[in-house]
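Peer 1: Before I ask anything, let me first share the structure, which is written out below as structure tokens.
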Amino acid sequence: MRQYLLLITVIGFILILPLMAANDYIIIVNKKTEAESISQSNIQNIFLGKKTRWSDGIKTVPVNLKAGKTHQLFIEELIKKSTNAYINYWRKMIFTGKGVMPVSFKTETEVVDYIGRTEGAIGYISSPDLLKNTEEVKIISLSD
Amino acid sequence: MKDKRIILGLMIIMTGTIATAQSLMDKLNVHGFISQGYIVTSDNNYLNMNTPKGSYEINEAAINFSMDMTDHLRGGLQLLSRDLGKVGNNVVMLDWAYADYRFKDYLGFRVGKIKTPLALYNEIRDVDALRTFILLPQSVYDENVRDFSFAFQGAALYGNIPLSGFGDVDYNLYSGTFNIPDPTSGFWHDSFLNLTSGAEMFVINDSTTLENKDITNSGVTAEYIWGGSAYWSTPLEGLKLGGCYLYGSLSMNTDITFFLNVSYKIHPLLNQYQSRQSRLEADIRIKDYYTLSGEYSIKNLTLTGEYHSRIYRTHIPASELFEFSIDKDYQLIGYYGQATYRFADFFEAGAYYSFYDDVDSHIQEEPDWHFTQKDICAAIRLDITPNFLMKLEAHHISGTGLVLICDNPSGRTKTWNLFTIKSSFNF
């Protein structure tokens with residue numbers, strides 16, 4: 001009996017593991033942003049430059065990481081593009097004059113710092129531990 | 001004391017000016033690209049080049065400057081230098097330059113010189129780094145008609161409209177005019193030859209044959225252009241459907257000289273060579289110029305298909321050269337299907353099949369392949385660094401519908417191949 005329970009637990013863990021790894025990012029915004037949650041479609045539209053205002057009229061400021069697993073997962077799962085396709089999308093905007101590449105940083109610390117001092121900014125990091133030393137940034141949840 | 005106040009005032013002004021300039025510099029975005037290629041064909045001079053001998057005359061370079069001036073207002077411009085055989089010749093030109101005011105996400109306004117939103121890739125046709133292939137499918141992205149399809153001077157409305165769970169739509173509506181940089185270049189020269197061929201029947205008769213003809217002082221004036229596009233990002237993730245429409249008007253005029261051989265049947269020695277000059281004018285309407293597009297991306301695979309049709313309505317008024325006016329519609333169609341797959345960050349490959357038909361130009365005296373062109377293409381793209389890439393591409397082509405007659409006076413070959421390689425750097 002114990003062996004079966006152990007087997008079920010291991011199988012269950014293996015099945016859950018991809019989901020745990022897949023959601024390896026949290027969404028953060030400047031604390032002045034009214035939103036407490038955001039839909040996947042709104043995140044996608046903000047990071048593609050299609051949605052430029054929060055509901056209170058403040059300009060949205062998407063903030064990216066330059067590279068890494070967190071960046072890749074966020075872009076693939078929420079923006080629904082590969083990282084190469086995402087870069088090409090913004091290059092198209094640049095070379096047709098329709099937009100500028102969102103700001104991006106090498107480290108998550110820089111992302112947190114920028115979002116903390118920029119009204120309307122939204123970005124993503126891997127761990128809430130990075131927010132221990134700031135009160136200017138808050139976590140918002142992903143809604144359906 | 002007064003001098004010190006003046007100096008202090010000047011320092012304040014200079015500091016403010018420097019601070020303003022620094023602030024502006026912080027907001028200024030500068031980007032650019034450089035591409036250089038080599039192209040060779042087994043037969044036929046193509047794209048305004050002597051391609052059987054190989055040509056390096058395929059390159060682009062650009063630099064652009066843009067700035068968000070306020071939360072709603074952006075401005076920018078791009079300078080472009082390009083060469084494609086006899087076209088471009090690396091003359092630096094204004095590619096686009098406009099002010100963009102975005103009232104809401106669903107409504108914005110642009111004014112200036114704007115890239116024409118035609119089909120999926122027209123706005124980026126000069127940016128090699130933004131696609132897998134060196135040559136876009138010519139059946140839809142015909143380089144011969146680039147002059148009136150790549151950009152216009154005028155105004156546009158645009159926006160993105162969410163559809164509450166049914167995706168969203170990006171739209172454009174525009175109106176303006178366009179420039180023809182060189183009315184004597186390959187495509188226009190061929191167009192004048194085609195126009196003047198209709199006048200030949202008025203000078204040729206039983207005793208008069210045409211030895212040669214010459215056109216000079218050619219001019220093309222664009223009058224207006226208007227159109228729109230709409231692309232629906234559907235609820236099925238990765239699927240985009242849409243289309244575009246364009247209508248335009250231009251006028252063409254040229255001096256034509258016919259060199260004739262007049263035969264007097266009494267004796268061949270009495271035959272005479274004569275020349276006859278006249279002025280030819282024509283009004284052209286670019287009507288029903290539309291492209292329907294579909295693109296589906298899933299993970300690293302992208303499938304794209306587009307269908308294009310355009311009709312030129314030609315009106316030649318009665319004149320000394322034409323006894324009566326001529327009105328004729330010429331339709332051209334083209335379509336393609338392509339697939340690209342990114343195997344790794346540094347490696348992408350793709351292929352397409354493209355078909356073109358100059359529908360209303362088929363005549364019994366010439367084979368159909370003179371007016372059609374089927375193109376099978378395979379390409380690979382190597383992203384050596386995030387900013388530097390190389391491409392290799394091969395085409396197997398049947399037909400010469402898009403091969404210019406003026407570049408191939410000795411005739412054209414039905415089945416031919418094309419190879420091209422290109423490298424690009426962007427920042």
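Derivation of every value follows stated rules applied to the coordinates shown; laboratory data play no part. Everything numeric here is computed off the predicted structure, so don't read it as measured data. Because the Cβ atoms are built from the backbone with ideal geometry, glycine has one as well, and the counts that use them run over all protein chains shown.
Peer 1: Near B:S251, within a Cβ-to-Cβ distance under 9 Å, what is the net charge of the other residues, with Lys and Arg +1 and Asp and Glu -1? Before the final figure, lay out the partial values.
Peer 2: Values: positive: none; negative: B:E223, B:E281, B:D283.
Net local charge, B:S251 excluded: -3.
Peer 1: Normalised by the residues of the range B:36-148, what does the relative contact order come to in percent, with Cα pairs under 8 Å and at least six apart? Show your work: numbers first, answer last.
Peer 2: On the way: 177 pairs, mean separation 18.2, N = 113.
Relative CO of the range B:36-148 lands at 16 percent.
Peer 1: Can I ask one more? Mind ranking B:341-352, B:279-290 by how tightly packed they are, going by the mean number of other C-beta atoms within 10 angstrom, highest first? Mind dumping the intermediate values first?
Peer 2: On the way: B:341-352: 15.8, B:279-290: 18.2.
Ranked by mean Cβ neighbours within 10 Å, highest first: B:279-290, B:341-352.
Peer 1: Rounded, prolate or oblate for the range B:101-426? Axes are the square roots of the Cα gyration tensor eigenvalues, ordered a ≥ b ≥ c, and the cut-off for rounded is a/c under 1.5. Write out the running numbers ahead of the final one.
Peer 2: Numbers: a/c = 2.63, a/b = 1.73, b/c = 1.52.
Prolate, since a/c reaches 1.5 and a/b exceeds b/c.
Peer 1: In the Gaussian network model of chain B, springs joining C-alpha atoms below 10 Å, which of B:L193, B:L80, B:L292 carries the largest mean-square fluctuation?
Peer 2: B:L193
Peer 1: Nearest 10 degrees is fine. How inclined is helix B:186-197 to the longest principal axis of chain B, computing both from alpha carbons?
Peer 2: Compared with the principal axis, the helix lies near 30 degrees.
Peer 1: Could you go through the range B:157-167 in sequence order and give the Karplus-derived ³J(HN,Hα) for each residue, using 6.51 cos²θ - 1.76 cosθ + 1.60 with θ = phi - 60°, rounded to whole Hz, and x for Gly and Pro?
Peer 2: Taking θ as phi minus 60°, the curve returns 10, 8, x, 10, 10, x, 10, 6, x, 10, x Hz for the range B:157-167.
Peer 1: Here is a follow-up. Around B:R342, under 13 Å between beta carbons, what's the net of Lys plus Arg minus Asp minus Glu among the other residues?
Peer 2: Numbers: positive: A:K81, B:R131, B:K299, B:R381; negative: A:E76, B:D345, B:E348, B:D383.
Spelling it out: positives minus negatives among the neighbours equals 0.
Peer 1: Across the residues of A:40-50, average count of Cβ atoms on other protein chains within 10 Å?
Peer 2: 3
Peer 1: Something else now. Which ³J(HN,Hα) values, rounded to whole Hz and listed in residue order, are derived for the range B:391-406 from phi using the Karplus coefficients 6.51, -1.76 and 1.60 in 6.51 cos²θ - 1.76 cosθ + 1.60 with θ = phi - 60°, glycine and proline given as x?
Peer 2: 9, 10, 8, 10, 10, 10, 10, 10, x, 9, x, 9, 8, 6, 5, 5
Peer 1: Rank by packing, highest mean first: peptides B:297-308, B:113-124, B:158-169, with packing defined as the count of other Cβ atoms within 10 Å averaged across residues. Present the calculation step by step, with values, prior to reporting the outcome.
Peer 2: Details: B:297-308: 17.4, B:113-124: 22.8, B:158-169: 15.6.
Top to bottom by mean Cβ count within 10 Å: B:113-124, B:297-308, B:158-169.
Peer 1: Which pairs break 27 Å Cα to Cα here: A:K92/B:K240; A:K50/B:K391; A:K51/B:K240? Before the final figure, lay out the partial values.
Peer 2: Values: A:K92/B:K240 16 Å; A:K50/B:K391 31 Å; A:K51/B:K240 18 Å.
Pairs exceeding 27 Å: A:K50/B:K391.
Peer 1: Would you work out the charge dipole size for the range B:101-426 about its Cα centre, treating the Cβ of every Lys and Arg as +1 and the Cβ of every Asp and Glu as -1, and quote it to the nearest 20 debye? Could you put the intermediate results ahead of the total?
Peer 2: Working: 26 positive and 39 negative charges, 154 e Å.
In total the dipole reaches around 740 debye.
Peer 1: Please list, by residue number, every one of the GluC sites (Glu not before Pro) in the range A:26-82 that is coil in DSSP and has at most 14 other beta-carbon atoms within 10 Å. Provide the component values of the computation, followed by the final result.
Peer 2: Working: sites: A:E34, A:E36, A:E76, A:E77; in loops: A:E34, A:E36.
Of the GluC sites (Glu not before Pro), the ones in loops of the range A:26-82 whose Cβ has at most 14 other Cβ atoms within 10 Å are A:E34, A:E36.
Peer 1: Only Cα pairs under 8 Å and at least 6 apart count here; give the relative contact order of chain B as a rounded whole percent. Show your work: numbers first, answer last.
Peer 2: Details: 1052 pairs, mean separation 60.9, N = 427.
Result for chain B is 14 percent.
Peer 1: For chain B, modelled as a GNM with alpha-carbon contacts under 10 angstrom, which of B:H370, B:H31, B:H315 fluctuates the most?
Peer 2: B:H31
Peer 1: Can you give the mean number of other chain Cβ atoms that lie within 10 Å of the Cβ atoms in peptide A:81-87?
Peer 2: On the way: counts 4, 6, 1, 8, 6, 0, 3.
Average per residue, whole number: 4.
Peer 1: Count the lysine pairs in the range B:17-141 whose Cα atoms lie under 23 Å apart, taking only pairs 8 or more positions apart in sequence or on different chains.
Peer 2: On the way: B:K27/B:K104; B:K27/B:K113; B:K53/B:K86; B:K86/B:K115; B:K104/B:K113; B:K104/B:K115.
So the count of such lysine pairs works out to 6.
Peer 1: Answer with one residue from B:A62, B:I380, B:Q364: the one whose Cα lies farthest towards the positive end of the charge dipole of the protein assembly as shown, charges on Cβ with Lys, Arg +1 and Asp, Glu -1.
Peer 2: B:A62
Peer 1: Could you tally the net charge around B:D43, taking each other residue with its Cβ under 13 Å from the Cβ of B:D43, Lys/Arg +1 and Asp/Glu -1? Kindly include the intermediate steps, with their values, before the conclusion.
Peer 2: Working: positive: B:K53, B:R412, B:K414; negative: B:D407.
Surrounding charge for B:D43 is +2.
Peer 1: Another question about this same structure. Write out the trypsin sites (Lys or Arg not before Pro) in the range A:57-132 meeting two conditions: DSSP loop, and at most 13 other Cβ atoms within 10 Å of their Cβ. Write down the numbers at each step before the final one.
Peer 2: On the way: sites: A:K59, A:K66, A:K69, A:K80, A:K81, A:R91, A:K92, A:K98, A:K106, A:R117, A:K132; in loops: A:K66, A:K80, A:K81, A:K98, A:K106, A:R117, A:K132.
Hits after loop and neighbour filter: A:K66, A:K106, A:R117, A:K132.
Peer 1: Still on this structure, please answer the following. Using θ = phi - 60° and the Karplus curve 6.51 cos²θ - 1.76 cosθ + 1.60, what whole-Hz ³J(HN,Hα) does each residue of the range B:96-112 get, with Gly and Pro shown as x?
Peer 2: Taking θ as phi minus 60°, the curve returns 8, 6, 7, 9, 10, 10, 9, 5, 9, 4, 8, 8, x, 9, 10, 9, x Hz for the range B:96-112.
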